[in-house]
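Note sheet for the following structure.
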Number of protein chains: 2
Amino acid sequence: MDVLATLADGVLTVRRARAEDLPALVALIAEDPVSAGRGDAVGDGVGDLAPYAAALAEIDADPAHLLVCLDEADGTTVGTLQLSVLPNLGRRGARRAQLEAVHVSGDRRGHGYGAALVGWAVEEARRRGCGLVQLTSDASRTGAHRFYERLGFVASHHGFKRDLASRR
Amino acid sequence: MDVLATLADGVLTVRRARAEDLPALVALIAEDPVSAGRGDAVGDGVGDLAPYAAALAEIDADPAHLLVCLDEADGTTVGTLQLSVLPNLGRRGARRAQLEAVHVSGDRRGHGYGAALVGWAVEEARRRGCGLVQLTSDASRTGAHRFYERLGFVASHHGFKRDLASRR
């Protein structure tokens with residue numbers, strides 16, 4: 001089952017995601033209004049999974065990357081994130097951890113699930129020898145920004161993106 | 001020599017960085033006031049290179065990462081950046097390229113070197129099948145923000161960092 005941690009007195013489990021988790025994970029992305037507005041996921045969460053399966057295969061092929069599911073005791077997946085450990089010449093060559101695609105199911109908000117999941121990721125980053133954890137959050141996610149600041153993150157940077165799909 | 005591209009009518013060369021480039025690369029980081037203020041590099045650029053050498057070895061060990069030097073015709077290194085290609089479940093599983101540690105020598109500003117270097121990285125990202133290029137820039141770097149916007153980047157996100165070196 002590839003369990004990585006139990007959190008919140010055993011109520012929650014963090015485990016490595018597998019291909020059979022993709023429908024649940026894509027549904028988690030699709031229910032998020034910012035991601036959905038950007039076309040990050042098919043609307044019903046059960047469309048063509050092939051591009052997601054290809055991404056998961058690449059994640060699994062490199063030990064620097066880890067995609068996890070956050071499960072409740074009955075096995076319901078209620079959260080996910082990707083942790084990537086990246087070498088870097090900056091900050092005196094400190095390895096850095098990057099969090100991507102952090103999602104918690106909307107109907108589980110306010111239970112501390114997100115804090116438990118991100119808190120686990122920060123400790124995992126420390127175990128992997130990282131000197132820094134970084135992530136970007138869409139400028140419209142003001143609630144998420146307060147959440148990350150409570151967890152000790154500082155919004156010290158601007159996050160720039162350039163879409164290559166739409167040619168300019 | 002591992003040449004990746006010639007730019008600006010042959011005036012500039014992009015090539016893979018080697019261990020013997022580290023003194024020049026650390027000096028480029030050290031001359032940058034924001035990086036220096038953060039303690040990213042030793043002040044004189046010739047201090048203990050061991051942590052940088054370890055980072056470069058990790059970069060070279062994974063084909064997802066590429067650290068480059070931008071050289072003038074006489075071989076003087078005047079710029080650098082790191083390109084990392086990262087799998088991701090978001091944005092319909094699109095591979096994304098991340099730029100880190102983008103530096104151009106202060107006395108070469110205004111020559112279009114930065115635009116040539118970042119423009120090369122964007123095209124390299126496209127060749128590697130990426131749907132997105134992303135980077136973060138310290139909030140104080142207002143000149144850099146205009147530079148990236150001119151190159152088609154959008155400051156759509158907030159960049160959060162949490163330092164693990166200083167325990168909290």
Problem set entry | Wholly enclosed strands (runs of 3 or more DSSP E) of region B:60-158 bearing at least 1 residues open to solvent by less than 10 Å² (accessible area, probe 1.4 Å) and in contact (Cβ under 8 Å) with a residue 40 or more places away in the chain | B:65-72, B:77-86, B:130-138
For this session: With respect to B:R91, determine if the residue is at the interface with chain A (Cβ under 9 Å from one of its Cβ atoms) and under 30 Å from A:A41 (Cα atoms).
Result: yes
Seminar exercise, completed: Within region A:139-168, restricting to residues that are at the interface with chain B (Cβ under 7 Å from one of its Cβ atoms) and of a type in the set (D, E, K, R), the one that is farthest from A:A121 (Cα to Cα) is A:R168
Seminar exercise, completed: Per the filter on region B:43-67, residues touching an Asp or Glu at 6+ places or on another chain (Cβ under 9 Å) and under 26 Å from A:A61 (Cβ atoms) are B:L56, B:D62, B:A64, B:H65, B:L66, B:L67
Exercise. Which of the residues that make up region B:118-152 are over 21 Å from B:L7 (Cα atoms), in contact with a Phe, Trp or Tyr (Cβ under 9 Å, 6 or more places away or on another chain) and of a type in the set (A, V, I, L, M, F, W, C)?
Worked result: B:L135
Exercise. Just a yes or no: is a residue in region A:120-128 aliphatic (A, V, I, L, M), facing chain B (nearest Cβ under 7 Å), in contact with a strand residue (DSSP E or B) (Cβ under 9 Å, 6 or more places away or on another chain) and under 17 Å from B:S156 (Cα atoms)?
Worked result: no
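Here is a yes/no grid of residues against (1) at pLDDT 95 or above; (2) more than 30 Å from A:L22 (Cα to Cα); (3) within 14 Å of the chain's Cα centre (by Cα):
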| residue | (1), (2), (3) |
| --- | --- |
| B:E72 | yes, yes, no |
| B:V78 | yes, yes, yes |
| B:G90 | no, no, no |
| B:G93 | no, no, no |
For this session: Output the number of the condition that B:V26 fails; it satisfies all remaining conditions of (1) open to solvent by less than 20 Å² (accessible area, probe 1.4 Å); (2) touching a Ser or Thr at 6+ places or on another chain (Cβ under 9 Å); (3) within 12 Å of another protein chain (Cβ to nearest Cβ).
Result: (2)
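The values are calculated or read from the model by the stated rules, or taken from the named source; none is laboratory data. Quick caveat: nothing in here was measured; it's all calculated off a predicted structure. All Cβ positions, glycine included, derive from the backbone under ideal geometry; neighbour counts span all protein chains shown. Side chains included, ligands, DNA and RNA excluded: accessible areas come from the protein's heavy atoms. Shrake-Rupley method; radii C 1.70, N 1.55, O 1.52, S 1.80 Å.
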